[in-house]
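Here the structure comes first, spelled out in structure tokens, and everything after it is commentary.
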Amino acid sequence: MSEVEISINTLKEEQRSCFEEFLKEERTCKQEITAYEKKIENWNVALKSNPKLPTAPTVKTKPPDKDLPAEVRALEAFLQKTGGPYGGWDQYDHQAFLKVWTKHSGRPSYRKEAKLYLPGKTVEEIEQHEDWHQELIHLQDRKREAIQRWKASKHQERQTRIQIQEETEEAERRGKEAKSQTQQHRTEDERREAARRLEEWREEKKRKEEQQEEQRLAEEIQNRKKAKEERRRQLEVKLTIEEQLRLKREEEEEQGRRKREEEQRELEERRREATKGIKRFTERDLHKVEAKLHEKQLREKEEKERQKRITVQLKEKVDGHVSRDPSRLTRPTRGWQERMKHVRPSGGGPVLQMFHRAVPTWRQGL
């Protein structure tokens with residue numbers, strides 16, 4: 001269907017381009033015809049001018065166009081040869097002649113009245129101008145007929161061209177239809193060929209999928225075997241590691257037990273050494289205590305003897321009567337009084353606690 005649409009669109013584009021060319025040619029023909037009609041009308045229309053300012057006759061020296069019909073070229077050659085559109089006369093004189101000649105419809109009686117309007121012209125000149133004017137009218141009629149024939153020929157050519165174009169389009173349409181049918185047959189063949197290739201591709205794809213499935217199953221079986229072997233190997237490694245860990249734990253436990261036994265033996269040994277040291281220190285302290293007690297007893301004995309000697313000496317010195325004055329015991333001595341003169345009052349109160357070196361319990365009370 002896409003090829004048919006493409007062919008239809010191509011045909012539409014060709015028809016559109018042909019119609020555009022026809023329209024361009026038609027516009028060109030219309031412009032040419034309009035130009036020729038305006039040119040012919042300019043030849044027939046008399047120019048209006050100011051009668052107070054007569055103008056000299058002008059002769060156009062434009063060469064005739066070779067593409068124009070023979071009648072048109074003959075009219076232009078006649079005008080150039082005879083002095084332009086006024087026949088060599090002044091525009092004012094020519095207009096007066098046309099006025100009188102038209103009034104009398106070209107009858108010979110117009111000559112008397114024309115002589116009145118054209119006092120500067122002779123009768124022979126008026127007759128010659130009349131002959132020139134009749135020849136001009138004859139050539140203009142021939143030109144008009146030539147233009148009509150040219151229009152008819154152009155119309156015939158256009159009709160012929162349109163007919164040829166229609167025949168060409170019909171031939172092209174038939175050719176395109178034949179081409180479309182051929183293309184359709186070719187498309188059918190290509191469709192069948194594509195269907196055949198598609199079926200072959202599907203079979204090939206199915207075969208490849210089956211091969212891939214078989215290969216996948218084989219790989220899956222192989223992977224399962226490998227996974228099973230890997231699990232067995234990992235289990236063996238795990239058992240080996242667990243056995244090694246068990247042996248290591250037993251060895252560590254044995255080492256710990258030995259270490260604890262060694263520490264226990266060292267502790268017992270230290271305890272025995274400490275007991276021996278304590279016993280030795282105790283015996284030494286007992287010897288020291290006994291020595292101190294003996295020394296204390298000796299000092300007490302010596303102190304008693306010294307007190308006895310002092311008492312004896314005092315009794316020997318004091319032989320008079322001494323009055324008893326109990327208040328002297330509370331009075332300060334002279335030395336204390338002198339000392340108190342130089343001592344300022346301090347903020348310190350009575351001593352509440354005296355710190356001494358610690359005395360072992362077993363030595364207290366000795």
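The values are calculated or read from the model by the stated rules, or taken from the named source; none is laboratory data. Given the structure is predicted, the values throughout are model-derived calculations rather than measurements. Note that we place each Cβ from the backbone using ideal geometry, even for glycine, and neighbour counts take in every protein chain shown.
Here are the numbers:
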quantity	calculated
Count - residues of segment 105-126 that are surrounded by 14 or more Cβ atoms within 10 Å (Cβ to Cβ) and either of a type in the set (D, E, K, R) or at pLDDT 75 or above (or both)	6
Selected residue [out of contact with any helix residue (DSSP H, G or I) (no Cβ under 7 Å at 6 or more places or on another chain) and either exposed (fewer than 11 other Cβ atoms within 10 Å of the Cβ) or not acidic (Asp, Glu) (or both)] from 187, 168	168
Residue in segment 262-271 that is assigned to a helix (DSSP H, G or I) and within 30 Å of residue 364 (Cβ to Cβ) present	yes
Residue 251 more than 30 Å from residue 364 (Cβ to Cβ), in a helix (DSSP H, G or I) and acidic (Asp, Glu)	yes
Residue match in segment 24-39 (condition: among the hydrophobic types (A, V, I, L, M, F, W, C) and at pLDDT 80 or above)	yes
Residue ID - farthest from residue 284 (Cα to Cα), chosen from residues in segment 309-357 that are part of a loop (DSSP other than H, G, I, E, B) and modelled with pLDDT of 75 or more	331
Residue within segment 44-62 that is closer than 27 Å to residue 154 by Cα, more than 60 Å from the chain's Cα centre (by Cα), at pLDDT below 75 and not in a loop (DSSP other than H, G, I, E, B) present	yes
Condition check for residue 140: modelled with pLDDT of 85 or more and either surrounded by 13 or more Cβ atoms within 10 Å (Cβ to Cβ) or farther than 17 Å from residue 14 by Cα (or both)	no
Selection status of residue 128, of a type outside the set (Phe, Trp, Tyr), without any contact (Cβ under 8 Å) to a residue 24 or more places away in the chain and within 23 Å of residue 43 (Cα to Cα)	yes
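Residue by residue, here is whether (1) outside any helix (DSSP H, G or I); (2) over 59 Å from the mean Cα position of the chain (by Cα); (3) closer than 30 Å to residue 6 by Cα holds:
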residue	(1), (2), (3)
119	yes, yes, no
135	no, yes, no
141	no, yes, no
166	no, no, yes
